[in-house]
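Colleague: This structure is in structure tokens; I'll ask about it shortly.
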Amino acid sequence: HMLSKAAFNGLLKTLEEPPEHVKFIFATTEIDKVPVTVRSRCQRFDLRRIDAGLLANHLLGVCKAEAVAIEPEALAMIARAAEGSARDALSLLDQAIAYGAAHSAGGAIAAEDLRLMLGVADKARVIDLFEAAMSGDVAKAIAILEDQYNGGADPAQVLLELAEFTHLATR
């Protein structure tokens, strides 16, 4: 998607008369920037996000193969943080392994350590925040959010988790 107009025109010529032995595979996150003339000569496959449970199982397999001990809750946190991307999940797992090696004495990668690494809020504190907000206790809600922020949680992530909990509660 980052080619110039002239480069796309050159590519178009090659796509119209490709060598027999060549297969082109294009990948982009911004398909709308690829000219229609190029898109019309390609088969298109839109990849979907991977379910968090399936992603956590994949990460568990990677951990077993690499002899890495990790708590199930930590795997679930990585899978949620990756938002359906296997590449992002593997990168986060790699960071968690390095972080765990620096912060634990050879034990399993703990969910609490991962919570600090990711800046994720404690679920119990998210529920407390939800209850304070729903009861109209603004001062308590702000105090809970500030406490989580001071503990290393990213406020945007706390609000995202609050929205997820609200969705779960309303279902």
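The values are calculated or read from the model by the stated rules, or taken from the named source; none is laboratory data. Just so it is clear, the structure is predicted and the values come from calculations on it, not from any experiment. Note that each Cβ is placed from the backbone with ideal geometry, even for glycine, and that neighbours are counted across all protein chains shown. Protein only, heavy atoms only, side chains kept; ligands, DNA and RNA dropped before computing areas. Shrake-Rupley method; radii C 1.70, N 1.55, O 1.52, S 1.80 Å.
Colleague: Being modelled with pLDDT under 85 and not in a helix (DSSP H, G or I), is that true of even one residue in the stretch 47-58?
Modeller: For the stretch 47-58, residues modelled with pLDDT under 85 and not in a helix (DSSP H, G or I): present.
Colleague: Also, quick follow-up: Given (1) at pLDDT below 85; (2) under 11 Å from the mean Cα position of the chain (by Cα); (3) surrounded by fewer than 18 Cβ atoms within 10 Å (Cβ to Cβ), where does His103 come up short, assuming only one miss?
Modeller: That leaves (2) as the condition not met.
Colleague: Where in the stretch 64-171 are there helices (runs of 4 or more DSSP H), lying fully within it, with 3 or more residues that are touching a helix residue (DSSP H, G or I) at 6+ places or on another chain (Cβ under 9 Å), under 30 Å from Thr29 (Cβ atoms) and not hydrophobic (A, V, I, L, M, F, W, C)?
Modeller: 86-103, 155-170
Colleague: If you check Glu17, Glu71, which single one turns out to be of a type outside the set (A, V, I, L, M, F, W, C) and in contact (Cβ under 8 Å) with a residue 24 or more places away in the chain?
Modeller: Glu71
Colleague: Output the qualifying pairs, or none if there are none: Cβ atoms under 7 angstrom, residues six or more apart or on different chains, first residue in the stretch 34-46 and under 20 Å from Ala7 (Cβ atoms), second residue assigned to a loop (DSSP other than H, G, I, E, B) and β-branched (Val, Ile, Thr).
Modeller: Matching pairs, first to second residue: Val34/Thr28.
Colleague: I'm checking my understanding of the structure. Among residues of the stretch 1-59 that are open to solvent by 90 Å² or more (accessible area, probe 1.4 Å) and among the basic types (Lys, Arg), which one is nearest to Ser85 (Cα to Cα)?
Modeller: Here the residue is Arg49.
Colleague: With the requirement that a residue be under 13 Å from Ala52 (Cβ atoms), open to solvent by 50 Å² or more (accessible area, probe 1.4 Å) and not basic (Lys, Arg), what does the stretch 65-82 give you?
Modeller: Hits for the stretch 65-82 are Pro72, Glu73.
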